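The values are calculated or read from the model by the stated rules, or taken from the named source; none is laboratory data. Remember, it's a predicted structure, so these values are computed and weren't measured experimentally. Neighbour counts are summed over all protein chains in view; Cβ atoms, including those assigned to glycine, are modelled from backbone coordinates with ideal geometry. Please note that ligands, DNA and RNA were not included when accessible areas were found on the heavy atoms of the full protein model with its side chains. Shrake-Rupley method; radii C 1.70, N 1.55, O 1.52, S 1.80 Å.
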Amino acid sequence: VAGLAALVLLWPRLFGGGAAEARQIASLEALVVWTESLRDTIAAHASLEHAIPASAVNAPDLIRAPLVRLVGQIRARVPLDRALLNLAAELNDPSADLVIAALILNVRRRGDRLGEVLTGLASSAREELEMRRKISAGRVQLRRGMQMVVAVTLGIAVFLVVFSRAYIAPYSTVAGQIALAVVVCIFGAAFAWMRKLSAQPPVPPFLTRPGAQPDPFEAQLLTTLVDDPTP
């Protein structure tokens, strides 16, 4: 009974990974759409200070609110690099950090290849999006397999309790309870391992938050892309 109660309580943790993964994919897709819109606006010879508000108007719903707040900070004369760091903290996504790091470096160094950088980042993000969708589709089958195993286990347990009390009578002793606890722990460990296999581990963002600088390695990499190497 205790094992069944624990299974009911932990059900969202065991089988709740699909919704979180879907949100991550939707956020990445929204980021790709906004990055491409920002790139196209900059390609029309708009400055970054004007391109961001223009791209925020038709931004996807998932990131529109943070972008609107970013536009408000720009109009309030907050330094653009600081406002972008605030956006990175609000989005809290490693893919968004790549885009925002490129924008920050462009603000600080005024490189003239930002459109090319955004094109590369958007293409890379689209490839990541397709890969995540394929991985998510495979994990759906694994999650269904987990649910089937749990359902069969619960069905057998209920059947034994209701229709075969003589079979489970030995488990009412102290030794039987210990053996049953071991079996429940083994099942719990197996379910936890299967949950780990079917989940997407979070990737920590690399861009440090307001008051700090981008990661030196990523900053150096993006600098080579943003700055024009020709004298």
Taking protein heavy atoms only, a 1.4 Å probe, and rounding to whole percent, the accessible area of region 24-111 owed to carbon and sulfur comes out at 51
Expressed in nanometres to one decimal, the distance between label points 7 Å along Cα→Cβ at residue 154 and residue 128 is 3.6
By the C-alpha gyration tensor axes a ≥ b ≥ c (rounded if a/c is under 1.5, else prolate when a/b exceeds b/c, else oblate), the shape of region 124-192 is oblate
Checked region 77-159 with the C-alpha gyration tensor, a ≥ b ≥ c its square-rooted eigenvalues, rounded below a/c of 1.5, otherwise prolate if a/b is larger than b/c and oblate if not; verdict oblate
For region 115-183, the dipole about the Cα centre with charges only on Cβ (Lys and Arg +1, Asp and Glu -1), to the nearest 20 debye, works out at 260
Residue-ordered couplings for region 118-135, obtained by feeding phi - 60° into the Karplus form 6.51 cos²θ - 1.76 cosθ + 1.60 and rounding to whole Hz (Gly and Pro as x), are 5, 4, x, 5, 5, 5, 5, 5, 5, 5, 5, 4, 5, 5, 5, 5, 5, 5
